[in-house]
Structures are given as structure tokens and as C-alpha cells.
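Following: one structure in C-alpha cells, then a few remarks.
The values are calculated or read from the model by the stated rules, or taken from the named source; none is laboratory data. Just so you know, these numbers come straight off a predicted model, no measurement behind them. In this analysis, Cβ positions are derived from the backbone assuming ideal geometry, glycine residues included, and neighbour counts consider all displayed protein chains.
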Amino acid sequence: MQILYKSTRGGEEGVPASRAILKGLASDGGLYVPETIPELDISLEELTGKPYRHIAFEVMRRFLTDFTEEELKHCIDCAYDDKFDTPEIAPLHRTGENTWFLELYHGATIAFKDMALSILPYLMTTAAKKNSVTDEIVILTATSGDTGKAALAGFADVPGTRIVVFYPKYGVSPVQEKQMVTQKGDNTCVIGITGNFDDAQTAVKKMFEDRELSQKLAEKGFRFSSANSINIGRLVPQIAYYVWSYAKLLEQGAIRCGEEINIVVPTGNFGNILAAYYAKQMGLPVHTLICASNENKVLFDFFRTGTYDRRREFILTSSPSMDILISSNLERLIYKICGDNAEECSAKMNALRNEGWYSITEEQKEQLKSFCGGYCDQNETEQTIAHIYMEEKYVIDTHTAVAAGVCRKYRESSKDPRPTVIASTASPYKFTRSVVKALKNLAEVPENIEELDDFELADLLSRITGTAIPKAVEEIRIAPILHDKVVDASDMPQAVCDFLF
Ligand SMILES: *Cc1c(COP(=O)(O)O)cnc(C)c1O
């Protein structure tokens with residue numbers, strides 16, 4: 001069956017997957033959604049014992065129906081290779097109480113965004129070929145830290161692409177900066193700007209809209225594109241690992257075929273948990289999708305009350321990748337519960353932009369019964385890291401800890417005993433300072449951790465927990481600096497031209 005895509009704002013329909021991937025955002029400002037969700041019409045038993053790539057193919061081919069088998073397999077083979085530090089790609093780690101951590105952090109930047117950003121460049125270049133686009137694709141990104149590095153790692157040395165990343169020179173952590181400025185690959189360019197993240201973001205948006213600049217690029221055989229998280233090419237690869245985790249549980253005899261599981265996802269932009277929802281819609285036996293938030297609990301409140309309200313204080317927490325008040329991917333779910341009514345969906349999104357809030361009806365709320373929201377404050381997050389280390393000798397990062405803490409609270413209040421998969425979104429070595437702090441009372445942690453730099457903290461974490469420092473951290477420790485350009489935000493377009501021509 002052919003799957004086509006349409007915009008949540010009603011302006012486009014009948015769009016093939018490859019075009020949706022190339023465009024990223026629809027012309028009317030909406031997000032692309034599949035017109036129907038394909039069925040997972042293959043027995044789950046058949047998927048047991050199969051490698052990650054095989055399952056990724058079975059899931060993705062049902063969504064990206066205008067890609068040939070050969071094209072899609074090529075993309076998957078290029079993405080899920082030895083850039084990952086384990087051949088399993090996304091191993092499951094069992095802890096007590098019928099709970100498994102799905103480790104999504106074995107890629108180049110030791111966080112879950114690698115799962116999608118390692119394949120997106122190949123999906124994009126394949127999509128370009130299919131649509132007779134001969135221009136080289138130029139990815140432009142403004143980053144506050146992590147996404148920039150994950151995009152750089154994904155696009156580095158991918159033929160037919162260039163990538164330019166802007167970051168606030170004085171607004172990222174030393175390790176984040178080091179990760180980016182040591183990036184290899186002739187097609188990569190990393191530039192610091194003297195302003196803050198918003199300045200960088202605004203200037204990038206302006207470049208996307210600058211017709212004169214586009215014209216100039218087109219003459220030289222380039223076109224801009226974006227790798228941001230609302231691209232359907234980032235969402236679809238994420239569905240695969242939920243199906244994979246189910247097949248793994250089946251293979252281990254932990255569940256019976258058809259038995260329902262719960263899934264807990266530490267959530268920011270709502271992309272990862274939406275992928276789990278799509279897996280459920282395909283027919284994966286999932287009972288409850290538990291949406292875990294930190295103190296920026298706008299989604300917890302939404303699932304409880306039916307009102308989404310961003311008019312609140314923005315809190316900086318120890319799980320920074322979840323510090324978000326506008327979860328962009330939620331729009332896809334809102335569109336669905338509005339019965340695919342684009343007008344109603346647009347009205348809500350406009351209300352959110354202009355007034356800062358919107359509500360859904362009781363009937364719409366009824367349709368969200370498979371979701372359950374929960375949150376953990378920073379104390380609970382710290383305690384969860386300590387608790388799981390004490391009981392299981394297993395080290396988790398702060399984001400995963402938010403999910404694990406919410407999982408525990410959900411179990412206590414609901415008495416729901418179902419086997420549960422927790423999406424583990426970052427290596428503890430990515431948020432070392434918070435993790436070491438959480439373990440302070442359990443292990444021999446010196447008093448002076450405030451004075452240690454991130455590499456010294458990694459050594460310390462390795463020593464006290466007996467876990468190995470990931471290759472990604474070791475590599476940047478000694479890597480030479482390859483990018484040292486710094487410009488004012490107003491000079492960003494010129495910097496892009498200097499790199500390209
Ligand atoms: C991006 C990110 C999240 C949030 O994922 P969404 O898809 O935006 O909800 C959670 N944890 C980590 C470590 C992340 O990098």
C-alpha cells in the first residue's frame with residue numbers, strides 16, 4: 001500500500017514520503033503526517049532473532065513507500081554500522097521489577113538523536129535523487145549544544161551534502177564546544193557567533209527565507225535544507241526501535257506474543273514518544289504510553305487537564321534536553337484527535353502562538369486514554385539515579401532517570417504490573433557532573449567535584465562505577481581543533497557563502 005503525507009494545517013496532501021523528507025516543513029507551516037498509519041502486517045515472532053537493521057527495514061518500508069527496497073536498505077546499512085559502539089545498536093538492559101532500559105545512546109554522540117540523525121542524511125540524498133534534485137544539499141543549523149553535534153556526526157562525509165552549524169561562542173559548555181570544533185569531514189563547517197542561541201536561530205531562519213540568497217545558492221548548485229526534529233525523516237526511524245525492543249523481549253521469553261507492554265519516554269519535543277504511539281497504531285501490543293517530564297511539566301498538565309499552557313516560568317533543570325515549553329511534535333497528535341480537521345488544529349496552534357494556551361474537548365481528551373503523564377523534580381531525579389545504582393549497579397543519566405522515576409510512581413499509583421520498556425536517551429557520560437553528584441553518598445566521591453572538568457569527572461565516574469568511558473568521550477579528549485571561526489550574527493550569510501564558494 002502506498003502511504004502519502006499531508007500537512008496538519010491543510011495546505012498539502014498526497015505528498016510522497018521522499019518529498020516530505022526533502023521539504024521538512026510543509027509550505028503552510030504545518031507538519032507532515034501519514035494519511036494513514038500502515039499496519040505492522042508481519043508476525044512479531046518472525047522478527048525475533050533478527051538484527052536491528054532487518055527490523056528497521058520492515059518498519060521503515062511501510063512508511064517510506066516510494067523508496068525502493070534497494071534504496072532503503074542502502075540507507076539503513078550506511079546508518080547503523082560501526083559508528084555505533086555495539087552491533088546490537090540498541091541493547092535492552094534488564095533491571096528488577098519487570099523493567100527494561102532500551103539504550104538508545106550507543107551512536108556517535110552518545111544520545112538518542114543519533115538513532116535518527118545517522119540515517120536522515122542518507123534518506124535526504126536518496127530523496128533528492130528520486131526527485132531529480134541535482135543540487136548539493138546544505139544543512140543549516142543553529143544549536144544550543146547537543147543537536148548540532150549529532151547533526152554534524154550524521155552528515156559528515158555524506159556525499160552530496162554540506163553542513164554548517166552555528167553555536168553561541170560563549171553559550172555552550174566546554175565539552176559541547178570541543179565536540180563540535182573537533183568535527184572531521186571536508187563538508188562540515190562549525191562557526192561560533194558572538195550573540196546567544198536566539199540570535200543564531202533567528203539569523204538561520206532569516207537565511208532560509210532569504211530569496212536572494214537562495215537564488216545565489218541555486219546558481220552555484222546548492223539548496224538549503226533543515227535537519228530539525230519535525231522532519232518525518234527523523235520520526236520514522238524512531239518507530240523502529242520500539243518494534244525492535246518488543247521482538248527482543250519476545251526472543252528472551254520475557255513476554256508472550258501479543259502480550260501488552262508499557263513504554264516510558266523522557267519527553268521534550270514529543271518526537272520520541274510520538275514514534276512509540278505510531279508503533280502502537282501500527283499494531284504493536286502497547287498498553288500505556290507514559291510521557292515523563294521534568295519540572296517543565298507542560299505535558300503532564302496537558303494530559304491531566306486537557307489544557308496546554310506555556311505561560312509559565314521556564315526552569316533550567318539537570319535534564320536540559322527536556323527543558324522545553326513548546327513541544328512541536330504534539331501538533332501531530334492534536335491533528336489526529338481533532339479527527340484530521342486541519343482548521344481546528346491550526347486554530348489551536350495559532351492560539352498557542354498568540355495567547356500562549358489552548359484546550360481540547362472532553363471527547364478529544366477521551367482519545368488520549370493510552371497516554372499517561374508523569375513528572376519528576378530534580379531531587380527525585382537525583383534519588384532515582386542513586387537508587388538504581390544501589391539496587392542494580394546500573395548507571396543512568398538524568399533524562400533516563402526522569403523516566404525511571406516516573407515509571408516507579410506510575411507503578412505505585414496504578415498497580416499496573418505490565419512489562420515496561422524505558423527509553424534510555426543518553427549515556428551517563430554525557431551528563432557526568434549531575435550523575436556523579438547523585439552518586440555522592442554511595443561511592444567514594446571527593447569533596448571538590450565542582451573544581452573538576454568534564455574529562456576528570458568522566459575518569460571519576462569510570463573509577464567509582466567500574467564502567468568504561470565511551471569512545472566518543474575519549475576521542476574528543478585528544479582531538480585537534482579544526483574549526484575556529486567566530487562571527488557576528490549579522491555576518492552569518494557571508495560566512496556560509498565563504499564556506500560554500
Ligand atoms: C532530545 C532529547 C530528549 C527529548 O526527546 P523528544 O523527542 O524531543 O521528546 C530526551 N532526552 C535526551 C537525552 C535528548 O537528547
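Looking only at the stretch 374-423, residues that are over 27 Å from ALA458 (Cβ atoms) and more than 16 Å from the ligand (Cβ to nearest atom) come to 13 in all. Within the stretch 157-176, can one find any residue that is touching a residue at least 60 places away in the same chain (Cβ under 8 Å) and under 15 Å from the mean Cα position of the chain (by Cα)? Checking the stretch 157-176: not a single residue is touching a residue at least 60 places away in the same chain (Cβ under 8 Å) and under 15 Å from the mean Cα position of the chain (by Cα).
Okay, residues lined up against (1) in a helix (DSSP H, G or I); (2) buried (at least 24 other Cβ atoms within 10 Å of the Cβ):
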position: LEU289; (1), (2): no, no
position: ASP301; (1), (2): yes, no
position: ILE324; (1), (2): no, no
position: SER327; (1), (2): no, yes
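Of the residues in the stretch 363-371, at least one is within 16 Å of the ligand (Cβ to nearest atom), more than 30 Å from LYS178 (Cα to Cα) and either free of Cβ contacts under 8 Å to residues at least 60 places away in the same chain or not in a helix (DSSP H, G or I) (or both). When SER225, SER245 are checked against the criterion of being outside the structural domain of ILE334 (by TED's automatic domain parsing) and among the hydroxyl-bearing types (Ser, Thr, Tyr), a single residue qualifies: SER225. Quick one: is SER346 under 30 Å from THR86 (Cα atoms) and surrounded by 15 or more Cβ atoms within 10 Å (Cβ to Cβ)? Against the criterion (under 30 Å from THR86 (Cα atoms) and surrounded by 15 or more Cβ atoms within 10 Å (Cβ to Cβ)), SER346 does not qualify. Among the residues of the stretch 238-268, none is identified as small (Gly, Ala, Ser), within 12 Å of the ligand (Cβ to nearest atom) and at pLDDT 95 or above.
Among the residues of the stretch 345-362, those that are part of a helix (DSSP H, G or I) and under 20 Å from GLY268 (Cα atoms) comprise LYS348, MET349, LEU352, ARG353.
Set side by side, the residues ALA203, ALA279 differ, and just one is hydrophobic (A, V, I, L, M, F, W, C), under 28 Å from ASP484 (Cβ atoms) and surrounded by 18 or more Cβ atoms within 10 Å (Cβ to Cβ), which is ALA203.
Filtering PHE84, PHE112, PHE101 for residues that are under 30 Å from LYS393 (Cβ atoms), touching a His at 6+ places or on another chain (Cβ under 7 Å) and in contact (Cβ under 8 Å) with a residue 60 or more places away in the chain leaves a single hit, PHE101. Looking at the stretch 392-487, the helices (runs of 4 or more DSSP H) lying wholly inside it that each contain 2 or more residues that are among the β-branched types (Val, Ile, Thr) and in contact with a strand residue (DSSP E or B) (Cβ under 8 Å, 6 or more places away or on another chain) sit at 398-414.
Report yes if some residue within the stretch 289-309 is β-branched (Val, Ile, Thr) and in contact (Cβ under 8 Å) with a residue 60 or more places away in the chain; otherwise report no.
Yes, some residue in the stretch 289-309 is β-branched (Val, Ile, Thr) and in contact (Cβ under 8 Å) with a residue 60 or more places away in the chain.
Within the stretch 129-151, residues that are away from the ligand (no atom under 16 Å from the Cβ) sit with their Cβ atoms under 6 Å from residues that are of a type in the set (D, E, K, R), at 6+ positions apart or across chains, in these pairs: ASP135/ARG223; VAL138/ARG162. Quick check, is LEU235 within 16 Å of the ligand (Cβ to nearest atom), among the aliphatic types (A, V, I, L, M) and either modelled with pLDDT under 95 or surrounded by fewer than 24 Cβ atoms within 10 Å (Cβ to Cβ) (or both)? So LEU235 passes the test.
The single residue among ILE388, ILE360 that is over 25 Å from SER427 (Cα atoms), assigned by TED's automatic domain parsing to the domain that holds ILE334 and surrounded by 19 or more Cβ atoms within 10 Å (Cβ to Cβ) turns out to be ILE360. In the condition set (1) more than 16 Å from the ligand (Cβ to nearest atom); (2) buried (at least 19 other Cβ atoms within 10 Å of the Cβ); (3) more than 30 Å from PRO428 (Cβ to Cβ); (4) in contact (Cβ under 8 Å) with a residue 40 or more places away in the chain, CYS338 is compliant with all but (4).
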